[in-house]
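Structure record follows, encoded as structure tokens.
The values are calculated or read from the model by the stated rules, or taken from the named source; none is laboratory data. Since the structure is predicted, the reported quantities are computational estimates derived from the model, not experimental observations. Heads up, the Cβs are rebuilt from the backbone with ideal geometry, glycines too, and the neighbour counts pull from every protein chain shown. Remember, those area values only see protein heavy atoms, side chains included, never the ligands or the DNA or RNA. Shrake-Rupley method; radii C 1.70, N 1.55, O 1.52, S 1.80 Å.
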Amino acid sequence: MGESVFAFLAGVHHEILLFAVVALTISGIDDFIIDLVFLSRRLWRRLIVYSRHQRMTTATLPASSQPGRIAIFIPAWREADVIGPMLRNALVNWGACDYRIFVGVYPNDQATLDAIAPLAAGEERLILCINERDGPTTKADCLNVAWRAMLQEEARTGVSFKAVALHDAEDVVHRDEIRLFDVMTDRFQLVQLPVLPLPGHGGWWAKAITNHYCDEFAESHGKFLTVREAMGASMPSAGVACAFERQTLERLVNPANGGPFDPGSLTEDYEVGLRISNMGGRGVFVRMRDSDGHLVATKEYFPDNLKDAVKQKARWMVGISLAGWDRMGWQGGPAEWWMRMRDRGAALSAFVLFTAYLALLLWGALLAASLFSTFHAPRPSRVIEALLWVNFGFMTWRMAMRAIFSGLNYGWAFGLGAIPRTLIANIIAMMAARRAVFQYLQSLIGKPLTWDKTQHRFPDLESPA
């Protein structure tokens, strides 16, 4: 009886392993091509472009030929712990720049209202926008409240805004971003700056969860978005550290939504970037350093516990990987299709990871059975064995690339830590995919999507960041 069970498990293991190694090989080739494009572009720019032209910094950046006022939208639901320090830091950092901050809040969130009210009193640059409905709705709905308040401000002052920038209530903003948005929206309809997650604090588990975001964003905003822009594909908005040209954003207004953002989406920022591209607009990803040599980027803390990390990534998966198929379609050419396929592969990639780990566990069980019984675990076929070696090579390359990009941003010791943190990232991705699938299926049978937010922190700043 035992031999037959082991033989059955061996057959199951073979099929699961075959699926996993084939899928991982395809994914590895896909990622490797992205790396080759990035490295080729970087080499070309170093040898051809920067050998003749000095790198631009915000210190040498010319002023906009058509300067204008920038609107900053900040949606806030239960952000009393962070919104006050964030706004004080932004007001100091941006100083005399021409801007207005519109903070969207809810009438049933008194703590957040109380945190903002003292700052808004007598401060013309800060405008409180109270939703007509109790929260939480969705982030997009809150952004539309800010949009309508911006229109009222334009009517009151007679001054039209040039661009609309998005930030979250926990963001540490850079002093030069308003001027950079002002210049870049002269030529582009969407401008995205890098996001730099702040390294975690506390115990090793909390730090590992937070720091895996550092690894992922270092690679995504150091490599992938630059490749995407170079290939002429759409530039998705990250929802923070981004700006939209105001007239372009107005073309997305749906009267039924009360603004340009779709309340039925959990990733309204990402979708706006794609919709702008569908209309023929141009997006740009700007990595520029300031006069001190620091990257002009937004910094923020990301979740430091498993529950919030899974919630956040599940929200991204629902909006991009699952709902994106039917909401955004497949417009554009081959490069755009490729990028959208990569965007929407997150849930499938998590399933492939699950099958790979399941195959590893089954292999361990069969190996143990062969040691303590007369059962002989079969060797994998030559094809599978060859693919296993190919996948090992791709895995080594991927971990090296992640460690390098993370090390460039946070130091080499931190970068080396990205290698074991890959396991944490994979666990979170698999758990998030399970949650995302259930949420998406529930939405298909009529359950409305709501703001499934996470708890935020703001760093203690001795001086403006």
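Quick notes
- Residue match in the stretch 67-81 (condition: closer than 18 Å to Ala165 by Cβ, open to solvent by 90 Å² or more (accessible area, probe 1.4 Å) and not charged (D, E, K, R)): yes
- Residues considered: Trp412, Trp389, Trp397. Of these, the only one that is touching a residue at least 24 places away in the same chain (Cβ under 8 Å) and either touching a strand residue (DSSP E or B) at 6+ places or on another chain (Cβ under 6 Å) or surrounded by fewer than 16 Cβ atoms within 10 Å (Cβ to Cβ) (or both) is Trp397.
- Test: residue in the stretch 66-76 that is under 30 Å from Gln110 (Cβ atoms) and not in a strand (DSSP E or B): yes
- Pairs are defined by a Cβ separation below 7 Å, a sequence spacing of at least 6 or placement on different chains, a first member in the stretch 432-449 that is surrounded by fewer than 17 Cβ atoms within 10 Å (Cβ to Cβ), and a second member that is modelled with pLDDT of 90 or more; no pair meets this definition.
- Within the stretch 169-211, the set of residues being acidic (Asp, Glu) and either crowded, with 22+ Cβ neighbours inside 10 Å or without any contact (Cβ under 8 Å) to a residue 40 or more places away in the chain (or both) comprises Glu170, Asp171, Asp176, Glu177, Asp182.
- Test result for Arg148, more than 26 Å from His294 (Cα to Cα), open to solvent by 10 Å² or more (accessible area, probe 1.4 Å) and of a type in the set (D, E, K, R): yes
- Check on Trp316, within 24 Å of Arg42 (Cβ to Cβ) and open to solvent by 30 Å² or more (accessible area, probe 1.4 Å): no
- Residue match in the stretch 228-248 (condition: buried (at least 22 other Cβ atoms within 10 Å of the Cβ) and among the basic types (Lys, Arg)): yes
- Within the stretch 33-58, residues that are within 13 Å of Ala230 (Cα to Cα) sit with their Cβ atoms under 9 Å from residues that are open to solvent by less than 100 Å² (accessible area, probe 1.4 Å) and assigned to a loop (DSSP other than H, G, I, E, B), at 6+ positions apart or across chains, in these pairs: Val37/Met231.
- Qualifying residues in the stretch 341-386 (those that are open to solvent by 40 Å² or more (accessible area, probe 1.4 Å) and among the polar types (S, T, N, Q)) - the one modelled with the lowest pLDDT: Thr374
- Checking each residue in the stretch 90-119 for being over 18 Å from Val172 (Cα atoms), open to solvent by 30 Å² or more (accessible area, probe 1.4 Å) and touching a strand residue (DSSP E or B) at 6+ places or on another chain (Cβ under 8 Å) picks out Asp98, Pro107, Ala117.
- Within the stretch 241-248, at least one residue is within 30 Å of Leu423 (Cα to Cα) and part of a loop (DSSP other than H, G, I, E, B).
- Among the residues making up the stretch 160-204, none is over 21 Å from Gly84 (Cα atoms), among the small types (Gly, Ala, Ser) and within 17 Å of the chain's Cα centre (by Cα).
- Applying the criterion of being at pLDDT 90 or above and hydroxyl-bearing (Ser, Thr, Tyr) to the residues of the stretch 1-54, the residue that is surrounded by the fewest Cβ atoms within 10 Å (Cβ to Cβ) is Ser40.
- Residue match in the stretch 341-348 (condition: more than 23 Å from Met231 (Cα to Cα) and within 20 Å of the chain's Cα centre (by Cα)): yes
- Any hit, the stretch 250-266, residues being within 26 Å of Val37 (Cβ to Cβ), among the small types (Gly, Ala, Ser), within 19 Å of the chain's Cα centre (by Cα) and open to solvent by less than 30 Å² (accessible area, probe 1.4 Å): no
- Test for Gly264: is it under 23 Å from Val195 (Cα atoms) and either of a type in the set (Lys, Arg) or at pLDDT below 95 (or both): no
- Candidates in the stretch 271-319 are the residues that are charged (D, E, K, R) and assigned to a helix (DSSP H, G or I); of these, the one that is nearest to the chain's Cα centre (by Cα) is Lys313.
- When the stretch 336-393 is filtered for residues that are among the aromatic types (Phe, Trp, Tyr) and closer than 18 Å to Met431 by Cα, the ones remaining, listed by number, are Phe351, Phe354, Tyr357.
- Of the criteria (1) in contact with a His (Cβ under 8 Å, 6 or more places away or on another chain); (2) within 18 Å of Thr138 (Cβ to Cβ), which one Ala297 fails: (2)
- Condition met for Gly122 (over 27 Å from the mean Cα position of the chain (by Cα), open to solvent by less than 40 Å² (accessible area, probe 1.4 Å) and either more than 20 Å from Arg246 (Cα to Cα) or touching a residue at least 24 places away in the same chain (Cβ under 8 Å) (or both)): no
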